[in-house]
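Just so it is clear, none of the values below were taken in a lab; they were calculated from the coordinates. From a predicted model like this one, the values you see are computed outputs, not experimental measurements. Cβ coordinates were reconstructed from backbone atoms using ideal geometry, including for glycine residues, and neighbour counts include every protein chain displayed.
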Amino acid sequence: MNLSSTPVTRRALFASALTAATAAVTLVGCSDTEGAGTAAGSASASRRTLTVGMELAYPPFETKDDAGNPTGVSVSFMQDFADAYGYELKVENMGFDGLIPSLQTRKADCVMSSITITPEREEQVDFTDPYAVAQLAILANASSGIESADDLNQPGKTVAVKTGSTGDVYATKNLAQAEILRLADESACVTEVSQGRADGFLYDQLTIYRNQKANPDTTVAVFIPFQDPEYWGIAVQQGDDELREELNAFIAESRQNGEFDKLTETYLAEEKAAFDELGFRWFFDFDEQDAATGDSAAADAGEAANSEGKDA
Amino acid sequence: MRNPFVAGRDGRATPAQALASYALVCAAVIGFFWLSLAMAGIALNLDFVAQFRTRIADGLLLTLEISVASLVLSCVIGLPVAVGQGSRILPVRYLCDLYVKLIRGTPLLAQIYLFFYIVGTAWGVENRFAAGVIILSVFSGAYIAEIVRGSLSSLDSGQLEAARAVGFTRAQTLRYVVVPQLVSRTLPALTGQFASIVKDSSLLSVIAVIELTQTMQEISASTFNLFGTYLVLAALYLVLTLPIMFVSRWFERRGSYAH
């Protein structure tokens, strides 16, 4: 009989429930797992806890291993950052909706969850320099005849998007003719398309690529770029310049010392090969020009969305 | 003068007492919430209500429409099932029994996904409103069947014998003995079930039925105002459910006088 584990689990659950209730934040999963970091290269004497908010539902960037522990590109990246700068890493799993509010209520120190830098989000939180670049793509139903984003912008067409994602923002602004289905769950979007209830699903190239492979008979992927690239950043609390500068320095280092190549090798080897074959730009491929213009390009695109989105 | 916060010996409160105590309790609850907001350092911003008032009103209306349609349809399902559970035809009895157990034993969320994407797709239920009403009715029908079955089994068999003894026909027994008691015992719980339907309809947001919850989630996603939207969301559901609960209580009081 295992007497010891039950009360602990109960207490942990209760604590999670309390946290959720107080913050009024929707917690999707309640597994808070401490990173198993060692004090390699710890700069400061006292180790501070670094709480990172992630939605662990976006493999292979933010996900869970078979035992339920956080894993993925972002988890490894933050673990390496924590080791280098003397933090104790703590990953908090929460719904995408709750990520930015978790910074505003100081439940998290930063959020690394494949978040695109947009001006609307920049009004709520501060972002680091971009660490990755992504492009939207379309997962279309095989018999829908969709070959471009314009094909979707027709009366009678239905577009599935994940609520609040950049695909949602793009569709709201640019696909006004179509009916937009906003769903909470990525796999529901894919199901809508593969069953033919929706004609297309807008999401990043990698997710579209993986889901097309999973549904080869019912879906086709449209990879023709129809918007400016999206830049992903790590979000910190407004005014937390100290952490932001540390993260910026680590992102710059990682680009030089092969950290991103290592992460690609570990988590994304197969996808990298496929992207190379298709001639797509890789997530972590930045040239000097991007680093300089990335912010303003994202800002321009987003500002247009902002000004036109208001009357929608 | 009586202590304004203590009920009389008969357990009753005067209207003035009730009003004073209710105001006190409401003030305490709201005060606790405000204090929590202040301690958490959250500034509430409700500007979005004016900006999105059309969408919010549409969402509220759709929630109401879905709930009313589901209440009607779930009664149509629930009443025969309640009777069927006592049927002497065994397959009918066990079918009704299995239905109630399956529905009451599984989460509504799973039922929504499974019905919409498997049953709905197979049988061509394309309309999301219709699918939502069907799912919610099938779900709620099982609970209504249990409510009605409970009332039926609580009727004393002595009454039926008495009805036969005074020469009532079967129809007369039903009309003058069974139905009046059934109604007075079922109505309060049935009204309460309606309040549950209103709340449960919020889960239909996962299949993009643009009812109140889905509307507020969409607004939250574009304004990042999680607390404001969910606070207004909760308030709007209360606007729907509080009157229903009030009516339920009224039925309960009225029914208890009948005996």
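Label the range A:127-211 by shape, choosing from rounded, prolate and oblate, from the square roots a ≥ b ≥ c of the eigenvalues of the Cα gyration tensor; if a/c is under 1.5 it is rounded, and otherwise prolate applies when a/b is larger than b/c, oblate when it is not. Prolate. Quick check on the range A:71-115: take the gyration tensor over C-alpha atoms, sort the square-rooted eigenvalues as a ≥ b ≥ c, and tell me if it's rounded (a/c under 1.5), prolate or oblate. It is oblate, given that a/c is not under 1.5 and a/b is not larger than b/c.
For the range B:1-43, the Cα gyration tensor yields ellipsoid semi-axes of 32, 8, 7 Å (square root of five times each eigenvalue, largest first, whole Å). Mean partner shielding of peptide B:223-232, defined as the number of other chain Cβ atoms within 10 Å of each residue Cβ, is 4.
For the range A:123-173, just run the numbers: alpha carbon Rg, then divide by 2.2 N^0.38 Å, N being how many residues it has. The partial results should precede the final answer.
Numbers: Rg = 14.3 Å, N = 51, 2.2 N^0.38 = 9.8 Å.
Relative to the rule-of-thumb radius for its length, the range A:123-173 sits at 1.46.
The largest-to-smallest principal axis extents of the Cα set in the protein assembly as shown are 98, 67, 59 Å. Starting from 0 in steps of 5 Å, tell me what percent of the Cα-Cα pairs of the range B:12-88 lands in each bin. It works out to 3, 11, 8, 8, 8, 12, 15, 14, 9, 6, 4, 1, 0, in whole percents. Sequentially through the range B:81-93, phi angles give Karplus couplings (6.51, -1.76, 1.60; θ = phi - 60°) of 5, 4, 5, x, 5, x, 5, 7, 7, 4, x, 5, 4 Hz, Gly and Pro residues having no value and appearing as x. What's the Kirkwood radius of the range A:145-273 in Å, using all Cα pairs? Radius from the Kirkwood sum: 16.8 Å. Which ³J(HN,Hα) values in Hz, rounded to whole numbers, follow from the phi angles of the range A:149-155 under the Karplus curve 6.51 cos²θ - 1.76 cosθ + 1.60, where θ = phi - 60° and Gly and Pro get x? For the range A:149-155, the Karplus-derived couplings read 5, 4, 4, 7, 7, 10, x Hz, x marking Gly and Pro. For the range B:53-257, the Stokes-Einstein estimate of translational diffusion at 10 °C and a viscosity of 1.306 mPa s comes to 84 µm²/s, using the Kirkwood hydrodynamic radius over alpha-carbon pairs.
Please list, by residue number, every one of the chymotrypsin sites (Phe, Trp or Tyr not before Pro) in the range B:115-171 that is coil in DSSP and has at most 15 other beta-carbon atoms within 10 Å.
Working: sites: B:PHE115, B:PHE116, B:TYR117, B:TRP123, B:PHE129, B:PHE139, B:TYR143, B:PHE168; in loops: B:TRP123, B:PHE168.
Listed in order of number, the matching sites are B:TRP123.
How much of the DSSP bridge set in the protein assembly as shown is antiparallel, in percent, rounded to the nearest 5? Antiparallel: roughly 60 percent of the beta bridges in the protein assembly as shown. Summing Lys and Arg as +1 and Asp and Glu as -1 over all other residues whose Cβ lies under 12 Å from the Cβ of A:SER74 gives a net charge of -3.
Size check on the range B:151-259: the Cα extents along the three principal axes, sorted descending, read 70, 28, 16 Å.
Would you mind checking the pairs A:LYS213/A:LYS262; A:LYS107/A:LYS162; A:LYS64/A:LYS157; A:LYS64/A:LYS173; A:LYS213/B:LYS199; A:LYS107/A:LYS173 and listing those with alpha carbons more than 30 angstrom apart? Spell out each step's value before the answer.
Details: A:LYS213/A:LYS262 25 Å; A:LYS107/A:LYS162 24 Å; A:LYS64/A:LYS157 35 Å; A:LYS64/A:LYS173 33 Å; A:LYS213/B:LYS199 38 Å; A:LYS107/A:LYS173 32 Å.
Beyond 30 Å between Cα atoms: A:LYS64/A:LYS157; A:LYS64/A:LYS173; A:LYS213/B:LYS199; A:LYS107/A:LYS173.
State the antiparallel share, in %, of DSSP beta bridges confined to the range A:136-222, rounding to the nearest 5.
Working: 9 of 16 bridges.
In the range A:136-222, approximately 55 percent of DSSP beta bridges are antiparallel ones.
In chain B, the DSSP-assigned H stretches of four residues or longer account for a calculated mean residue ellipticity at 222 nm of -24500 deg cm²/dmol, using -39500 (n - 2.57) per stretch and the full residue count as denominator.
Tell me the net charge near A:GLY200. Cut-off is 10 Å between Cβ atoms, A:GLY200 excluded, with +1 for each Lys or Arg and -1 for each Asp or Glu. Result for the neighbourhood of A:GLY200: -2.
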